[in-house]
Amino acid sequence: MATENEKLSSGRFTTSEDAQGHARDQKKSDGITLPSHVAGSGTLDQLVETARGYAKQAASENTLTAYAKDWAHFARWCRLKGTEPLPPSPEMIGLYLANLAAPTGKAPALSVSTIERRLSGLSWNYKQRGFNLDRKNRHIASVLAGIKRKHARPPVQKEAILAEDILAMVATLPYDLRGLRDRAILLIGYAGGLRRSEIISLDVHKDDTPDSGGWIEIFDKGALLTLNAKTGWREVEIGRGSKDQTCPVHALEQWLHFAKFDFGPVFVGTSRDGKRATETRLNDKHVVRLIKRTVLDAGIRSDLPEKDRLALFAGHSLRAGLASSAEVDERYVQKQLGHASAEMTRRYQRRRDRFRVNLTKATGL
């Protein structure tokens, strides 16, 4: 018989009944309601729905999905231990974190970063339910500190897609409608140093769709992307390339021209025969699948088994590739990536000269 930890280990434990119950629970506890002493009305009820819509925009869809899974996992763990997740119990949350770091049975231990993300998810969910989780409580803080001290490891970074790699990847794509779209995704994502969510959330114009994450403007010298990113609104300038075959702006123009639309999401699906663009915005997972597929087709890191090659590359490989390949002053790369600090930008630079500034010699040694 499977142990409790084995049931919880993968996060794929949710039955249809659990999912339906969680959906009802989430709707009830989204935190946006009328005060108990105020009678509802058509106008007020409509405002409640409007406020809930704004509240959902406070975090990205991916973050909200992750937080929902965090809460469902914790709530199920509590039930298996004979307790309830509400109200918050620092003692039980400390035990939960310990269980994630050192599970019994065959369940895999979670990384420190995942455990911290789980705790952030619980904190967010408690706030939505009107509770405050004191993360500095000794039952939580001391356990987490111990987990970090014992299990923390340097972050595992995805491989950077360098200039020669991106050229090989786009060369594997056909010139049908789907190929034109995927070529534009790779080149725009690479030249702009964009996150996969930023690529997919682009609209043709400002305010084309409610779920827009930004829009594009095309000029003679390049394209200007206005993005509503994690750090707020920012502009990303993408200049034209030296030749049309590898120019991100030309690739974008080709896709928009042959897709025959000038409104709504920039990157959408195509019909099964690949001859017609749909109106449905692509999921950001398409970017990851596209990167992995073209990496294999281009023979990048062919010295490794296919499984290892697939694990090396993901959406962040585009951002890391730009940071590692662009031979310009670091501050320009930092601006393009939208980083608040140069130190964050340096984490993306896989082949920078770490000893360009030699403080040892500068001191006279």
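The values are calculated or read from the model by the stated rules, or taken from the named source; none is laboratory data. Source: prediction; values computed, not measured. Cβ placement follows ideal geometry from the backbone for every residue including glycine, while neighbour counts extend to all protein chains displayed. Accessible surface is based on the protein model in full, side chains and every heavy atom, while ligands, DNA and RNA are left aside. Shrake-Rupley method; radii C 1.70, N 1.55, O 1.52, S 1.80 Å.
Here is how the numbers come out for the structure above:
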quantity	calculated
Residues located in region 212-229, provided they are in a strand (DSSP E or B), open to solvent by 10 Å² or more (accessible area, probe 1.4 Å) and closer than 22 Å to ASN283 by Cα	TRP215, ILE216, THR226, ASN228, ALA229
Unmet requirement for ASP70, which otherwise passes all of (1) in contact with a Gly (Cβ under 7 Å, 6 or more places away or on another chain); (2) open to solvent by 40 Å² or more (accessible area, probe 1.4 Å); (3) acidic (Asp, Glu)	(2)
Selection count where residues are in contact with a helix residue (DSSP H, G or I) (Cβ under 9 Å, 6 or more places away or on another chain) and part of a helix (DSSP H, G or I), scope region 78-92	5
Residue in region 75-83 that is open to solvent by less than 30 Å² (accessible area, probe 1.4 Å) and under 26 Å from ILE32 (Cα atoms) present	yes
Residue tally, condition in a loop (DSSP other than H, G, I, E, B) and among the polar types (S, T, N, Q), over region 233-252	1
Enumeration of residues in region 54-63 that are surrounded by 12 or more Cβ atoms within 10 Å (Cβ to Cβ) and outside any helix (DSSP H, G or I)	GLN57, ALA59, SER60
Matching residues, region 197-211, being assigned to a loop (DSSP other than H, G, I, E, B), modelled with pLDDT of 90 or more and closer than 21 Å to LYS285 by Cα	SER201, VAL204, THR209
Residue in region 64-77 that is of a type in the set (A, V, I, L, M, F, W, C), within 24 Å of ASN137 (Cβ to Cβ), outside any loop (DSSP other than H, G, I, E, B) and touching a Ser or Thr at 6+ places or on another chain (Cβ under 7 Å) present	yes
Number of positions in region 109-153 that are in contact with a Pro (Cβ under 9 Å, 6 or more places away or on another chain), closer than 27 Å to ASN62 by Cβ, open to solvent by 50 Å² or more (accessible area, probe 1.4 Å) and not in a loop (DSSP other than H, G, I, E, B)	1
Selection within region 230-255 - under 13 Å from ILE185 (Cβ atoms) and open to solvent by 30 Å² or more (accessible area, probe 1.4 Å)	GLN254
Considering residues of region 311-329 that are without any contact (Cβ under 8 Å) to a residue 40 or more places away in the chain and open to solvent by 50 Å² or more (accessible area, probe 1.4 Å) only, the residue nearest to LYS158 (Cα to Cα)	ALA311
Every pair of residues 6+ apart whose Cβ atoms lie under 7 Å, when the first sits in region 96-113 and is within 18 Å of ALA152 (Cα to Cα) and touching a residue at least 60 places away in the same chain (Cβ under 8 Å) while the second is surrounded by fewer than 19 Cβ atoms within 10 Å (Cβ to Cβ) and aliphatic (A, V, I, L, M)	PRO103/ALA109
Identity of the residue in region 58-107, modelled with pLDDT under 90 and of a type outside the set (Gly, Ala, Ser), that ends up farthest from the chain's Cα centre (by Cα)	THR104
Within region 261-308, tally of residues that are of a type in the set (A, V, I, L, M, F, W, C), over 23 Å from the mean Cα position of the chain (by Cα) and within 30 Å of LYS206 (Cα to Cα)	3
Long-range neighbours under 7 Å by Cβ, at least six apart or interchain, first residue polar (S, T, N, Q) within region 31-52, second assigned to a loop (DSSP other than H, G, I, E, B) and surrounded by 11 or more Cβ atoms within 10 Å (Cβ to Cβ)	none
Single unsatisfied condition, TYR175 versus (1) touching a residue at least 40 places away in the same chain (Cβ under 8 Å); (2) out of contact with any strand residue (DSSP E or B) (no Cβ under 6 Å at 6 or more places or on another chain); (3) surrounded by fewer than 22 Cβ atoms within 10 Å (Cβ to Cβ); (4) hydroxyl-bearing (Ser, Thr, Tyr)	(1)
